[in-house]
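Encoded as structure tokens, the structure appears first; notes follow it.
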Amino acid sequence: MAQLLEDLAKNSSSEFVWITDPDREIELVDRIIVLNQDYTLAHFKTIQSHAKPTEVFLRRSTTVNDTLQWEMGLSWFSGLLADEVGSFLTLTALSQESADQAKAHLSREVGVISPFTPVTPGRFRAVLSRREDLIEVVGEDEASRRATLSLFNWARLRRLGVLATNDDDDLDLCDLVAAATATTDDAPPTPVSDRRPTLLAVVPNGVGLGHITRMMAIAFALREQYGTRVVFWCFSRAAEIVQAAGFEVILRQTSSHLGAHPPDWREFEKLEFAKAIRHLRPNAVSYDGMTFDPFIVAALKEPGCGNVGMIWVRRGMLQPDADAQLLESEQFCDIVLEPGDLSVENDKGPTRLRQAQHRGFSERLSARPVTLKPYLPAYDKKVARKKLGLPRRANCLVSLGGAFGNWDRIRTLINNYAQVHRVNLVWAQSPLAAAPNQDMGKTMIRRFYPLSRYLAAFDGMVTATGYNSYHELMLGFSRPVLLAPTNHERLDDQVARASHAADAGWVSMLHPDRPEQFEAIIDDFLAKVRKRTVISGRPPAENGGPDAARAIHEVCERYQ
């Protein structure tokens, strides 16, 4: 019931606060809403002493066996009301039938809840029961999906689908469903919002810069196409990159950064996130990552946080043996948006081959590859080299990342053959990358972001095979590329991605299981860099930002 209150027209500008200690907290609010008569009985003296405007919702029994107890409770409640309690107390039922029954016991005026703001429910139908937390959700294709009822805010549920119940004995649930789905000529018109569509984008502290880069590209597209305000709820250590791009950032700390007990941190983060939702009033929340943190789902259940869509931006190409359980988070979402991957033919992971058991109301969508390149114009060769302070000779960028992988042998071979072929090596040092060893001679170190703006400065590149660098190179670079994929359980299937590009003739590749080939491949690659070879046949440039922005904007329109 508390979750539905934000959809009452009179509450459209209200901010809700749970009161758990009425004796101390009632004085902090302007008016009081009591969710049932039992709570009123328990705290009546406190409520009466403050005499603030108070609305009590009278609820009916949940089972046939509770009917006598319900009547007894109303009898006790009637005894309290017999005394003069002033004009501050109003009684409201969830249906006309409930109001009539309550009047008979209380001999006092009982109103009926005003109609909720009209919504256009999604294309699903969900049959609810208090006895079963796992509910069946049926779509237009009549395929049955499952969802966990207790994980959803009712204000959001009424937007996701048509609600029903087949438990006629649970009168309270029947009242709730009827009120949430009622359509009437007396309903207030759907408010026309003049505010900008707003997205609250949660970015985890990932292995690299992938989450930030991908969401910045989508944020640029949203701002450019729809004027969307994008606010980043950012756990990444590279949050200053987002701020420098002109987006609002709410910087957060993980439990490990704070040294906090995870359950305590999660409860705190839930309350802070819910507070941000009530303050910012976003149309939707997005999350770019592989597993949802429970604080997000918990916050969306808080009162005042239901008129918000949920979007999961989830790349594919997971390891084939990745735990398919991670797919179960799909049930929380309106859409699961997968940025396209040029190597999708090699995707053997669960996002491609498996289906979640709990899909809820979600829909899987895909976009073309998403990169920052279209939104941050690249420098030409002369300008890029000047900005980086590079010589006129052949320059090769080395960016192997620093989170995983033992690169010592590869670094040594690259350094040796760069000297043989007279290629200048430039080490790209990101905020999350390791610095090169001291014995790497005159290798230059440069720190810059994003990669795509400076590509023209280089005649070749050595890189790991993460989503962003791979697509920026394949879609916007015509020089030799040497991929050195990392095969780690916490990363996507970089070997599969790199193998696809190597088989297509787009790149050279250092397969981690074939170290005996490294020396010859590196020798050949750097010879091509020295000759400033131009590679043909790579995919034409494309931009999935507008695809992703369109899908997200459609969700935002659902939650006005």
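The values are calculated or read from the model by the stated rules, or taken from the named source; none is laboratory data. A quick note: this is a predicted structure, and the numbers were derived from the prediction, not measured. Because the Cβ atoms are built from the backbone with ideal geometry, glycine has one as well, and the counts that use them run over all protein chains shown.
When Glu519 is tested against (1) within 40 Å of the chain's Cα centre (by Cα); (2) over 17 Å from Met461 (Cβ atoms), just one condition goes unmet, and that condition is (1). Once the range 357-366 is narrowed to residues that are buried (at least 16 other Cβ atoms within 10 Å of the Cβ) and either of a type outside the set (A, V, I, L, M, F, W, C) or modelled with pLDDT under 90 (or both), the residue that is nearest to Val137 (Cα to Cα) is Gly360. Summed over the range 306-353, residues that are among the hydroxyl-bearing types (Ser, Thr, Tyr) and over 18 Å from Val202 (Cα atoms) total 2.
Quick one: in the range 317-351, which of the residues that are of a type in the set (S, T, N, Q) and more than 17 Å from Leu365 (Cα to Cα) is surrounded by the most Cβ atoms within 10 Å (Cβ to Cβ)?
Our first condition is that a residue be of a type in the set (S, T, N, Q); within the range 317-351, this holds for 319, 325, 329, 331, 343, 346, 351.
Narrowing further to those that are more than 17 Å from Leu365 (Cα to Cα): 319, 325, 343, 346.
Numbers: Gln319: 19, Gln325: 11, Ser343: 25, Asn346: 19.
My answer is Ser343.
Between Ala274, Ala298, the distinction of being crowded, with 20+ Cβ neighbours inside 10 Å and at pLDDT 95 or above belongs to Ala274 only.
Scanning the range 263-275 turns up no residue that is touching a residue at least 24 places away in the same chain (Cβ under 8 Å), among the aromatic types (Phe, Trp, Tyr), out of contact with any Ser or Thr (no Cβ under 8 Å at 6 or more places or on another chain) and farther than 25 Å from Lys10 by Cα. Applying the criterion of at least 1 residues that are among the aromatic types (Phe, Trp, Tyr) to the helices (runs of 4 or more DSSP H) found wholly in the range 19-64 leaves 37-42, 44-50. When the range 240-263 is filtered for residues that are under 25 Å from Ala551 (Cβ atoms), touching a helix residue (DSSP H, G or I) at 6+ places or on another chain (Cβ under 8 Å) and not in a loop (DSSP other than H, G, I, E, B), the ones remaining, listed by number, are Ile241, Val242, Val249, Ile250. Here the condition is being small (Gly, Ala, Ser), more than 25 Å from Asp66 (Cβ to Cβ) and either under 26 Å from the mean Cα position of the chain (by Cα) or assigned to a strand (DSSP E or B) (or both); of Ala147, Ala164, Ala126, it holds for Ala147 alone. Candidates are the residues of the range 293-316 that are part of a helix (DSSP H, G or I) and β-branched (Val, Ile, Thr); the one that is farthest from Val230 (Cα to Cα) is Val297. Every condition in (1) assigned to a helix (DSSP H, G or I); (2) within 26 Å of Arg158 (Cα to Cα); (3) in contact with an Asp or Glu (Cβ under 8 Å, 6 or more places away or on another chain); (4) at pLDDT below 90 holds for Gly73 except the one numbered (2).
Selection over the range 135-144 of residues that are assigned to a strand (DSSP E or B) and either modelled with pLDDT under 90 or surrounded by fewer than 11 Cβ atoms within 10 Å (Cβ to Cβ) (or both) gives a count of 4. Look through the range 473-494, keep the residues that are surrounded by fewer than 22 Cβ atoms within 10 Å (Cβ to Cβ) and touching a Ser or Thr at 6+ places or on another chain (Cβ under 8 Å), and return whichever of them is modelled with the lowest pLDDT. So, considering only residues that are surrounded by fewer than 22 Cβ atoms within 10 Å (Cβ to Cβ) and touching a Ser or Thr at 6+ places or on another chain (Cβ under 8 Å), the one modelled with the lowest pLDDT is Gly476. Counting the residues of the range 249-271 that are loosely packed, with under 15 Cβ neighbours inside 10 Å and touching a strand residue (DSSP E or B) at 6+ places or on another chain (Cβ under 8 Å) gives 1. Within the range 294-345, the set of residues being among the β-branched types (Val, Ile, Thr) and under 23 Å from Thr213 (Cα atoms) comprises Ile296, Ile311, Val313, Ile335, Val336, Val344.
When each of Asp547, Asp492 is tested for being among the charged types (D, E, K, R), touching a residue at least 40 places away in the same chain (Cβ under 8 Å), assigned to a helix (DSSP H, G or I) and more than 20 Å from Asn395 (Cβ to Cβ), the lone residue that passes is Asp547.
Within the range 387-415, residues that are under 12 Å from Trp427 (Cβ atoms) and at pLDDT 85 or above reach partners that are among the charged types (D, E, K, R) and part of a loop (DSSP other than H, G, I, E, B) with beta carbons closer than 6 Å, at six or more positions or on different chains, in the pairs Asn395/Asp459.
Tallying residues that are over 26 Å from Thr62 (Cβ atoms) and buried (at least 16 other Cβ atoms within 10 Å of the Cβ) within the range 119-133 yields 1.
When residues in the range 212-239 are screened for being in contact with a Lys or Arg (Cβ under 7 Å, 6 or more places away or on another chain) and not in a loop (DSSP other than H, G, I, E, B), 4 of them pass. Residues that are touching a residue at least 40 places away in the same chain (Cβ under 8 Å) and of a type in the set (Val, Ile, Thr) were ranked within the range 459-489; the one that is nearest to Tyr449 (Cα to Cα) is Thr463. Would a scan of the range 31-51 turn up a residue that is surrounded by fewer than 16 Cβ atoms within 10 Å (Cβ to Cβ), under 19 Å from Arg278 (Cα atoms) and out of contact with any strand residue (DSSP E or B) (no Cβ under 6 Å at 6 or more places or on another chain)? For the range 31-51, residues surrounded by fewer than 16 Cβ atoms within 10 Å (Cβ to Cβ), under 19 Å from Arg278 (Cα atoms) and out of contact with any strand residue (DSSP E or B) (no Cβ under 6 Å at 6 or more places or on another chain): present. For the range 321-329, check the following and say yes or no: at least one residue is modelled with pLDDT of 95 or more and either touching a Lys or Arg at 6+ places or on another chain (Cβ under 6 Å) or among the hydroxyl-bearing types (Ser, Thr, Tyr) (or both). No, that holds for no residue.
Residue by residue, here is whether (1) free of Cβ contacts under 8 Å to residues at least 24 places away in the same chain; (2) surrounded by 20 or more Cβ atoms within 10 Å (Cβ to Cβ); (3) more than 18 Å from the chain's Cα centre (by Cα) holds:
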residue: Ala501; (1), (2), (3): no, yes, yes
residue: Met509; (1), (2), (3): no, yes, yes
residue: Arg514; (1), (2), (3): yes, no, yes
residue: Val529; (1), (2), (3): no, yes, yes
residue: Gly537; (1), (2), (3): no, no, yes
residue: Val555; (1), (2), (3): no, yes, no
